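The values are calculated or read from the model by the stated rules, or taken from the named source; none is laboratory data. This is a predicted model, so every value here is computed, not measured. So basically every Cβ, Gly included, is an ideal-geometry build from the backbone, and we count neighbours across all protein chains shown. Note: areas computed on protein heavy atoms with side chains; ligands, DNA, RNA excluded. Shrake-Rupley method; radii C 1.70, N 1.55, O 1.52, S 1.80 Å.
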Amino acid sequence: MAAAGRVWRAAALLPPWRLRAPRRAYGAAAGGGGGGGGGHLLLGAAFALGGGAGLYLAARHRLREHSAAELPAGTLQLTLYQYKTCPFCSKVRAFLDYHGLPYEIVEVNPIMRKEIKFSSYRKVPILLANAGSPLQLNDSSVIISAIKTYLISKRNSLEEIVSFYPPMKTVTEQGKEVFEYGNKYWLMLDEKETKQVYPVKEVRVEEMKWRKWADDWLVHLISPNVYRTPREALASFDYIVREGKFGTVEGFFAKYMGAVAMFFISKRLKKRHHLQDNVREDLYEAVNEWVKAVGKHRLFMGGNQPNLADLAVYGVLRVMEGLEAFDDMMVHTKIQPWYQRMEEVIQKAEAAV
């Protein structure tokens, strides 16, 4: 796949929150698991957004792709199967980029999903990792916890580490059988390693709490906000078709039928999650809650550097970049300083690779 660089936004095109300090456009799609749906075009388009969880839109931005072939022999080789517009995938990419881990990207067609036909697990992200032997990792939070544990711990193989996150079959409120993963917010470290990463118990508890919050609450605010009006829904699907892996006919129907469908689905999601009539207010409250949790005396929740909670929240929020909801969030909340620090630290990490 051809990689493309970043582009500078002209100041005249920047939203109000960007005008004071023009900066390089950056971001990556977040990934949520989107499974099921067979070959149905409309459902496939919705699943490309992480099962309706959200999407990422950065005007004219292209992902920088990493090649596992660049890695020295014997090191961890990674291939990420994703929908570019999926919020949970963005979490994984934010983590990999921050830790300077090269990886290949395979974009999955959200309708046919032939790229992941090798897997009985039919959602994304899927990470294929080779640290001596090939291994498949499923679920964004499991991927992050397992790879982070592997980077810190020298005691166990990656295969052994992944075994600490067993899949468990559960049934949703709608009666659908799904797999959940035990321990997925835990790093599997010994006592010495734990003290190095988490000097006090509260640090670990805080990180796990907010990682879970990002998955269980923040991500569910994305769809109702980016599909809030027919105009916003059409803008969202315009990006999905332009940047996703769709055929010409697929793309045409996905754009227009998908925009209409997701506008109405977003209303159901608003009701399901008990959101306010003005869903922007829920987004603003959540974002300001996060900023308050970080506090005034820390650059990040992790202190001077992001921790896994910072990377998770950033990964979810940046799926809206380039959309009206994102610009509104920057203007009406206190998130901008933290968000820009996250951009800078990840760009710095990428540049060092």
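Residues in segment 137-156 that are of a type in the set (Lys, Arg) and assigned to a loop (DSSP other than H, G, I, E, B) were compared, and the one that is surrounded by the most Cβ atoms within 10 Å (Cβ to Cβ) is Arg155.
Kindly indicate whether Ala129 is open to solvent by less than 10 Å² (accessible area, probe 1.4 Å) and more than 30 Å from Val226 (Cβ to Cβ).
Working: open to solvent by less than 10 Å² (accessible area, probe 1.4 Å): yes; more than 30 Å from Val226 (Cβ to Cβ): yes.
Taking the combined requirement at face value, the residue satisfies it.
Summed over segment 129-168, residues that are over 24 Å from Ala214 (Cβ atoms) and either without any contact (Cβ under 8 Å) to a residue 24 or more places away in the chain or out of contact with any helix residue (DSSP H, G or I) (no Cβ under 9 Å at 6 or more places or on another chain) (or both) total 5.
Of all residues in segment 203-234, those satisfying the criterion of being open to solvent by 70 Å² or more (accessible area, probe 1.4 Å) and either of a type outside the set (A, V, I, L, M) or outside any helix (DSSP H, G or I) (or both) are Lys209, Lys212, Asp216, Trp217, Pro230, Arg231. Scanning segment 179-194 for residues that are modelled with pLDDT under 95, open to solvent by less than 40 Å² (accessible area, probe 1.4 Å), of a type outside the set (Asp, Glu) and within 22 Å of the chain's Cα centre (by Cα) turns up at least one hit. Mind listing whichever residues of segment 116-126 are in a loop (DSSP other than H, G, I, E, B) and surrounded by fewer than 22 Cβ atoms within 10 Å (Cβ to Cβ)? Within segment 116-126, Lys117, Phe118, Ser119, Ser120, Tyr121, Arg122 qualify. Determine whether segment 316-324 contains at least one residue that is open to solvent by less than 10 Å² (accessible area, probe 1.4 Å), of a type in the set (D, E, K, R) and either on the phi > 0 side of the Ramachandran plot or part of a helix (DSSP H, G or I) (or both). Checked segment 316-324: at least one residue is open to solvent by less than 10 Å² (accessible area, probe 1.4 Å), of a type in the set (D, E, K, R) and either on the phi > 0 side of the Ramachandran plot or part of a helix (DSSP H, G or I) (or both).
Does any residue of segment 237-245 turn out to be of a type outside the set (A, V, I, L, M, F, W, C) and outside any helix (DSSP H, G or I)? Spell out how you get there, then give the answer.
Filtering segment 237-245 for residues of a type outside the set (A, V, I, L, M, F, W, C) gives 238-239, 242-245.
Now narrow it down to the ones that are outside any helix (DSSP H, G or I): 244-245.
Checked against the condition, which is being of a type outside the set (A, V, I, L, M, F, W, C) and outside any helix (DSSP H, G or I), segment 237-245 yields at least one hit.
Within segment 157-197, being in a loop (DSSP other than H, G, I, E, B) and of a type in the set (Asp, Glu) holds for Glu173, Asp190.
Within segment 105-115, does at least one residue satisfy the condition of being in a strand (DSSP E or B), closer than 23 Å to Met342 by Cα, under 20 Å from the mean Cα position of the chain (by Cα) and touching a residue at least 40 places away in the same chain (Cβ under 8 Å)?
The initial filter retains those residues of segment 105-115 that are in a strand (DSSP E or B), namely 105-107.
Pick out the ones that are also closer than 23 Å to Met342 by Cα and you get 105.
Filter once more, so that each one left must be under 20 Å from the mean Cα position of the chain (by Cα): 105.
Now restrict to residues that are touching a residue at least 40 places away in the same chain (Cβ under 8 Å): 105.
Yes: one or more hits.
Going by what's in this entry, would Val200 be described as free of Cβ contacts under 8 Å to residues at least 24 places away in the same chain, open to solvent by 80 Å² or more (accessible area, probe 1.4 Å) and aliphatic (A, V, I, L, M)? No, not satisfied. Filtering segment 268-307 to residues that are farther than 30 Å from Pro199 by Cα, touching a residue at least 12 places away in the same chain (Cβ under 8 Å) and in a helix (DSSP H, G or I) leaves Leu269, Lys270, Val279, Arg280, Asp282, Leu283, Tyr284. Every listed requirement among (1) open to solvent by less than 20 Å² (accessible area, probe 1.4 Å); (2) assigned to a loop (DSSP other than H, G, I, E, B); (3) over 26 Å from Val200 (Cβ atoms); (4) of a type outside the set (Val, Ile, Thr) is met by Lys334 save one, (1).
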